[in-house]
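These notes concern the structure reproduced below.
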Amino acid sequence: MKNGFYMGYDASALNAQELLAQAENLLNLGFYSAGYDVLRLGDAGRFENAEALGAKLRSVGFKLDITIPCAASAEEAEALVKLWQPAMVTLTGAADHEKTEKLMESLNGVRIAVCVDEKDLAWAAEKADVAELDVLTETGDYFDVTRHQLDSCREGDVDTEKSDANLRAKAMKDGGVWYPGTLPCRFDYYRNEAIFLNICVLGCPLVLCGDVEKLPAAYAALVKNEKLIRMASLGVGHVARYYDPWHSLLAKAETEKTGFALILNRCHGDQPTNILPADLGWDCRFRLMSWPEGDLLGANLETFEAHVETSDHPQTPCCRLYRLEQL
């Protein structure tokens, strides 16, 4: 069983003073208690007094992640692990699979993430807890993020078999996950919400970045929502259906008789959208609630129809998340 899903904070561009300040913010503002407890340090060689810094962060409960290039020897990797005592190690430069696998074998007891190109995804999913694709860019617009980066955008886009999100999910082994990059927070609330919920349904690790003290209050509450975090941790989700190339339905099982469905508008245009039992692999009636609100919207349904506003209407929701129960 792999140990893929985690929540954390990307500190790879911070100096020691900035790192300590953000660690304090994570603690004081409730992010740590919500589960964001892995500090991704990146190349930890930039820090002076590394032993004292690592001890201070661990003493208040943070788990550390350090980056180790696969060109490092087993002895060099062992020294870094001894110094930082990380709970997670991220491996880069993994083109030489044999060498990388030997390095992984020396890293017992820690979560292992390996940075790879899409072509090496299957290998990474087999060998590591986390296959890190780093596809989320800092400049992509909402359309880029939801169609090009978290999923696919191609001429056969309405074929779920060609969905990048589904191909990635299919590659994952029991407990393993794929990681697209840190959570973006540069759009209006509803676009940020749609991306966050998309990532939660897909089951990707949730990693914050930047100054968490400056996160808008509504978005901060969203990413700390206990119900959404629990849903995110339930393994990988998938694209159940495309209504058209711009509107998609994502689904994720909770138990044999319960699950979640996300209607997502990824681009312009209005489109009738619905949810069917078959979208969750069922052949029965169901009850349906808004999520995480928990409002009952239907008690004995064969289908549920909903309208999700076009994503290029400013300041309007462009997704809807539901929890379904078999009857």
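What number of residues within segment 259-273 are within 22 Å of G4 (Cβ to Cβ) and surrounded by fewer than 19 Cβ atoms within 10 Å (Cβ to Cβ)?
0
Taking the stated definitions as given, is A23 farther than 27 Å from G93 by Cα and either modelled with pLDDT under 95 or surrounded by 15 or more Cβ atoms within 10 Å (Cβ to Cβ) (or both)?
For A23, the condition - farther than 27 Å from G93 by Cα and either modelled with pLDDT under 95 or surrounded by 15 or more Cβ atoms within 10 Å (Cβ to Cβ) (or both) - is met.
In segment 41-48, is there at least one residue being over 26 Å from E138 (Cβ atoms), modelled with pLDDT under 95 and either open to solvent by less than 20 Å² (accessible area, probe 1.4 Å) or basic (K, R) (or both)?
Within segment 41-48, not a single residue is over 26 Å from E138 (Cβ atoms), modelled with pLDDT under 95 and either open to solvent by less than 20 Å² (accessible area, probe 1.4 Å) or basic (K, R) (or both).
Out of (1) surrounded by fewer than 21 Cβ atoms within 10 Å (Cβ to Cβ); (2) assigned to a helix (DSSP H, G or I); (3) at pLDDT 95 or above, what's the single condition that is false for K99?
Of (1) surrounded by fewer than 21 Cβ atoms within 10 Å (Cβ to Cβ); (2) assigned to a helix (DSSP H, G or I); (3) at pLDDT 95 or above, only one is false for K99: (3).
So which residues in segment 60-72 are open to solvent by less than 40 Å² (accessible area, probe 1.4 Å) and assigned to a loop (DSSP other than H, G, I, E, B), if there are any at all?
G61, F62, C70, A72 - these are the residues of segment 60-72 that are open to solvent by less than 40 Å² (accessible area, probe 1.4 Å) and assigned to a loop (DSSP other than H, G, I, E, B).
Check every one of the helices (runs of 4 or more DSSP H) wholly within segment 156-233 and list those with 3 or more residues that are in contact with a Lys or Arg (Cβ under 7 Å, 6 or more places away or on another chain), of a type in the set (V, I, T) and touching a residue at least 40 places away in the same chain (Cβ under 8 Å).
In segment 156-233, there are no helices (runs of 4 or more DSSP H) which contain 3 or more residues that are in contact with a Lys or Arg (Cβ under 7 Å, 6 or more places away or on another chain), of a type in the set (V, I, T) and touching a residue at least 40 places away in the same chain (Cβ under 8 Å).
What are the residues in segment 120-155 that are part of a loop (DSSP other than H, G, I, E, B) and either open to solvent by 40 Å² or more (accessible area, probe 1.4 Å) or in contact with a Lys or Arg (Cβ under 7 Å, 6 or more places away or on another chain) (or both), if any?
Scanning segment 120-155 gives D129, D134, T137, E138, T139, D141, S152, C153, R154, E155.
Would you say D10 is touching a residue at least 12 places away in the same chain (Cβ under 8 Å), open to solvent by less than 40 Å² (accessible area, probe 1.4 Å) and under 26 Å from K227 (Cα atoms)?
no
Hey, L297 hits all of (1) buried (at least 19 other Cβ atoms within 10 Å of the Cβ); (2) more than 21 Å from H313 (Cα to Cα); (3) hydrophobic (A, V, I, L, M, F, W, C) but one; which does it fall short on?
(1) is the only condition that L297 fails.
How many of the residues in segment 236-257 are open to solvent by 30 Å² or more (accessible area, probe 1.4 Å) and either of a type in the set (S, T, N, Q) or assigned to a loop (DSSP other than H, G, I, E, B) (or both)?
Of the residues in segment 236-257, 7 are open to solvent by 30 Å² or more (accessible area, probe 1.4 Å) and either of a type in the set (S, T, N, Q) or assigned to a loop (DSSP other than H, G, I, E, B) (or both).
Would you mind finding the one in N166, N108 that is open to solvent by 20 Å² or more (accessible area, probe 1.4 Å), closer than 26 Å to W84 by Cα and not aliphatic (A, V, I, L, M)?
The unique qualifying residue is N108.
What do you reckon, is V308 open to solvent by less than 60 Å² (accessible area, probe 1.4 Å), touching a residue at least 24 places away in the same chain (Cβ under 8 Å) and in a strand (DSSP E or B)?
No: the conditions fail for V308.
Working only within segment 4-34, note down all residues that are in a loop (DSSP other than H, G, I, E, B) and either in contact with a Gly (Cβ under 6 Å, 6 or more places away or on another chain) or closer than 20 Å to L136 by Cβ (or both).
Hits for segment 4-34 are G4, F5, Y6, A11, S12, A13, L14.
Within segment 77-90, is even one residue crowded, with 20+ Cβ neighbours inside 10 Å and among the hydroxyl-bearing types (S, T, Y)?
There is at least one residue in segment 77-90 that is crowded, with 20+ Cβ neighbours inside 10 Å and among the hydroxyl-bearing types (S, T, Y).
The values are calculated or read from the model by the stated rules, or taken from the named source; none is laboratory data. Every value quoted in this text rests on a predicted model; they were computed, and no experiment measured them. Reconstructed Cβ throughout: ideal geometry from the backbone, glycine too, with neighbour counts over all protein chains shown. For the accessible areas, the whole protein counts, side chains as well, though only heavy atoms, and no ligand, DNA or RNA atoms are used. Shrake-Rupley method; radii C 1.70, N 1.55, O 1.52, S 1.80 Å.
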